[in-house]
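Scroll down for the structure; my scribbles are underneath it.
Derivation of every value follows stated rules applied to the coordinates shown; laboratory data play no part. As the structure is a computational prediction, the values presented were derived from the model and not from experiment. Here the Cβ positions follow ideal geometry from the backbone for every residue, glycine too, while neighbour counts run over all protein chains shown.
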Amino acid sequence: MKHYFLLYNILLRKRFPGTIIIVTGIFISITCQVPYDPADLILRNGKIVTMDDRWPQVSALAVKGDRISAVGSDRDMLRYIGTETQVIDLKGRLAIPGFIEGHGHFYSLGASLMELELRNAENWDAIITLVAEEAKNKKPGTWIVGRGWHQDKWDREPQPNVEGLPTHHELSSVSPQNPVFLSHTSGHGVFVNQAAMQVSGISERSVDPPGGEIVRDENGEPIGMLREYA
């Protein structure tokens, strides 16, 4: 501020009234500015996605309470830094808006688009057909993965069955060289074929792991259904 007083005095002595008015106006403008409310948090030096077409990406933002109070460059945010402001250097990392939702599995949803879709299968026979077609296009040893089946939604029970669940034999017969892994729609179980059980070391001698169950037939043979941590 002392620089403005010095300039003012020089101009006054040299009698430049028009310039004095301009400088005086600048001085009044500066001294009357309302200070910025210090932010609680500053994120800087990052790649911040704003979801706003006017400035889709910025390097810094300011947070006051539970609201984003400003976005812009690192330099823009300097005015919001107070004595108690927390400043976090993102070091070039990406920051995106948070999402609040009831219950979702975004990764699983994306992965499901690259797997066999079994939600619309009317029965176990339809699933066998889908797996058989997929096996024709897979190299031996390549896993066949699907999801979304639920035995209670089928129009008829598979035969034979254990607790309404099929046995693996038909599935194994159409995919002898490919391990098959079919996730139940609940997310709490999978159905596998013989090739998958061999790769995993599952047999009639296998012991149920803690928190899991290998579903078996009356002779103790695994039918292909694995629950929870099995």
Quiz prompt | Cα principal axis extents for the range 51-115, largest first, Å | solution = 52, 23, 23
Self-check item: Eligible aspartates and glutamates near Lys153 by straight Cα distance, threshold 17 Å, same-chain separation 8 or greater
Solution: Glu117, Glu122, Asp125, Glu163
Practice problem: Considering Cα pairs under 8 angstrom that are at least six residues apart, work out the relative contact order of the range 47-115 and quote it in whole percent. | Solution: 27 percent
Quiz item: How much net charge surrounds Val145 when only other residues with a Cβ under 13 Å from its Cβ are counted (Lys, Arg +1; Asp, Glu -1)?
Solution: -1
Practice problem: Within 10 Å, count the other beta carbons around each residue, average over each peptide in 183-196, 205-218, and list them highest first. | Solution: 183-196, 205-218
Exercise. Evaluate the Debye formula for the range 164-230 with equal point scatterers sitting on the alpha carbons, no solvent, and hand back log10 of I(q)/I(0) at q = 0.14 Å⁻¹, in q order, two decimals.
Key: -0.36
Practice problem: Can you give me the three principal axis dimensions of the range 106-228 from its C-alpha atoms, in Å, biggest first? | Solution: 35, 32, 30
Exercise. Fewest Cβ neighbours within 10 Å first, please rank Glu204, Glu115 accordingly.
Key: Glu204, Glu115
Practice problem: Sum up the charges of everything whose Cβ sits under 14 Å from the Cβ of Glu218, counting Lys and Arg as +1 and Asp and Glu as -1, but leave Glu218 out. | Solution: -3
Quiz item: In whole angstrom, how long is each semi-axis of the equivalent ellipsoid of the range 37-179, when you take the square root of 5 times every eigenvalue of its Cα gyration tensor and sort them from largest down?
Solution: 55, 17, 12
